[in-house]
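Worksheet: one structure, shown below.
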Amino acid sequence: MEMSISRRDFFLIKTAFSIVKQDVPYTDEDIINNDTEDLVANSLQEKKRLYFIKLQQKEIELLRKENNEYRKHEYFLNHINGMVTEHMKEFSRHYKGPGRAAKKNADSSYLLEVPVVDLHVGKLGWAPEVGGSYDYKIARKRYENAVNDVFNRAENRTIEKILLPIGNDYFHYDNIEVTTTAGTQQDTDTRWQQLYGVGYEMLVRAIDKFALLAPVEVVHVPGNHDWMSSWQAMMYLFAWYKDSDRVNVNTDPKSRKYIEYGKNLIGYTHGDKEKKRIFGNMQVEAAPAWGRTKYREWHLGHLHSEQVKEEHGVKVRSLSSITGPDSWHFTHGYIGAIATQQSFLWHKETGLYEIWQTNI
C-alpha cells in the first residue's frame with residue numbers, strides 16, 4: 001500500500017478517526033504553500049479532537065440513560081409512599097380502635113408473647129396446583145382469627161406486658177419487582193401498593209387490640225422475604241404510636257434481638273442464616289442478660305413447622321406458621337405442616353408457663 005501499513009491497521013485508524021473517502025481537510029493551495037509534515041500533524045490533531053468530542057457525547061448519553069433509570073426508580077419509591085399514605089389517611093379517618101377501655105396495669109408477673117411468623121401476606125396459592133388456596137384476604141382472615149383467639153384467652157388473665165415480634169416473612173415479597181430480598185421471583189395475588197396498605201392496617205388493628213390488655217412492645221425480626229418491607233412497616237408503626245403510652249416500637253435494626261423478662265431471656269432471629277451457630281450466639285451477644293437469667297430460648301421462623309432442640313443451656317424453637325401452600329413448597333415436597341400459631345405465657349420467676357396453640 002502507498003502508506004506502507006497493513007490493511008488491518010489502516011481500517012483501525014480509519015474507524016478510530018472517522019476517515020471517509022471524501023474527507024479532504026486541505027485545499028490544493030494549502031498543500032502547495034505549507035509543509036507536508038505540519039499539515040499531517042494538524043490533520044491528526046483535528047481528528048483526535050473530533051474523536052474525543054464523539055467519546056464525550058457517548059459518555060453523556062450513558063449518563064443520561066443512568067439518570068433516567070434512577071429517576072424511574074425514584075418515581076416508583078415516591079409512588080409507593082403516596083399510595084400507602086393515601087390508604088392510611090382513609091383508614092385513620094374512619095378507624096376508631098377496638099372501642100374498649102384499656103385495662104389498668106395490675107401487679108402481675110406474666111409476659112404474653114404473640115409471634116405470628118411466616119404469614120407471607122401477598123402470597124398466591126392456587127388450589128388446583130398446590131392443594132389449597134391462599135391470598136392476601138385469606139392471610140388477613142387467618143391473622144385476625146389468631147389475634148382474636150389469643151385476645152379472648154388473655155382477656156381474663158392479669159398480664160404485665162405483651163410482646164409482639166413483627167417481620168419473620170410477614171410480607172411475601174420485598175419490592176416492586178415482586179421478589180424476595182435476595183431477588184427470588186414470587187407468585188402474588190396483589191399489587192405492592194395494596195400489599196403495604198393492607199399489611200400496615202392489620203398490624204395497627206392487632207396492636208390496638210392487645211394494648212387493651214397490657215402495654216405492648218413491638219420488635220422487628222427481619223425475614224429472608226421481607227427484610228426491607230417489614231422494616232418499613234416498623235417505621236410506620238413507630239410514627240403511628242410515637243405519642244402512645246401503651247405501645248413501644250423497638251426500632252433496633254439488628255437481625256438478632258434479645259428480650260429479658262425476669263429470669264427469662266428470649267432471642268429472636270428468622271433462622272435462615274445462623275445454622276448451628278445459633279446455639280452460641282446468645283451467650284456472646286447478650287452475656288450480661290445470660291448471666292442474670294435461667295430460662296433461655298430462641299424463637300425462629302423460616303421452617304413453617306415446629307422443631308425444638310436444646311443444647312448448651314439454650315432451647316432453639318422453630319415456630320409453626322398459619323400460612324397457606326404455594327407452588328414452590330408443593331413442587332419441592334414441603335407439604336403437610338399443620339397451620340398453627342403459637343403464643344407463649346412467661347412467668348417472671350418460673351419460666352415458660354403455658355403455650356397457647358391457635359389451629360387454623
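The values are calculated or read from the model by the stated rules, or taken from the named source; none is laboratory data. Treat the numbers as computed from the prediction; the structure is a model and nothing was measured. Cβ sites come from the backbone with ideal geometry, for glycine too, and all protein chains shown count toward neighbours.
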Item to complete: Assess whether residue 133 counts as being among the hydroxyl-bearing types (Ser, Thr, Tyr), surrounded by fewer than 22 Cβ atoms within 10 Å (Cβ to Cβ) and touching a Ser or Thr at 6+ places or on another chain (Cβ under 7 Å).
Response: no
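Out of all the residues in the range 137-175, which are part of a loop (DSSP other than H, G, I, E, B) and of a type in the set (D, E, K, R)?
If the condition is that a residue be part of a loop (DSSP other than H, G, I, E, B) and of a type in the set (D, E, K, R), then 155, 157, 160, 169, 174 are the ones that fit.
For the range 207-229, give me each residue that is under 23 Å from residue 243 (Cβ atoms) and not charged (D, E, K, R).
Correct list: 207, 210, 211, 212, 213, 214, 215, 216, 218, 219, 220.
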Discussion item. Show the residue pairs meeting these rules: Cβ distance below 6 Å; 6+ apart or different chains; first residue within the range 316-333 and outside the structural domain of residue 258 (by TED's automatic domain parsing) and farther than 15 Å from residue 169 by Cβ; second residue among the basic types (Lys, Arg) and part of a loop (DSSP other than H, G, I, E, B).
Written reply: none
Discussion item. Among (1) within 23 Å of residue 224 (Cβ to Cβ); (2) without any contact (Cβ under 8 Å) to a residue 40 or more places away in the chain, there is one condition residue 341 misses while meeting the rest; what is its number?
Written reply: (2)
Discussion item. Looking at the range 157-178, can you tell me whether even one residue there is among the polar types (S, T, N, Q), surrounded by fewer than 20 Cβ atoms within 10 Å (Cβ to Cβ), farther than 19 Å from residue 226 by Cβ and modelled with pLDDT of 95 or more?
Written reply: no
Worksheet item: Name the pairs whose Cβ atoms lie under 7 Å apart, with the first residue in the range 225-252 and farther than 26 Å from residue 160 by Cβ and in the same structural domain as residue 207 (by TED's automatic domain parsing), the second buried (at least 16 other Cβ atoms within 10 Å of the Cβ) and hydrophobic (A, V, I, L, M, F, W, C), and 6 or more positions between them or separate chains?
Response: 225/171; 226/171; 229/171; 230/166; 230/171
Worksheet item: Checking residue 146 against (1) crowded, with 23+ Cβ neighbours inside 10 Å; (2) closer than 14 Å to residue 329 by Cα, which single condition isn't satisfied?
Response: (2)
Discussion item. Give me the residue from the range 183-222 that is in a helix (DSSP H, G or I) and β-branched (Val, Ile, Thr) and, out of that set, surrounded by the fewest Cβ atoms within 10 Å (Cβ to Cβ).
Written reply: 198
Discussion item. Go through (1) out of contact with any strand residue (DSSP E or B) (no Cβ under 7 Å at 6 or more places or on another chain); (2) more than 20 Å from residue 120 (Cβ to Cβ) for residue 213 and report which single condition fails.
Written reply: (1)
Worksheet entry | Which listed residue is modelled with pLDDT of 95 or more and touching a Phe, Trp or Tyr at 6+ places or on another chain (Cβ under 9 Å), from 195, 203 | 203
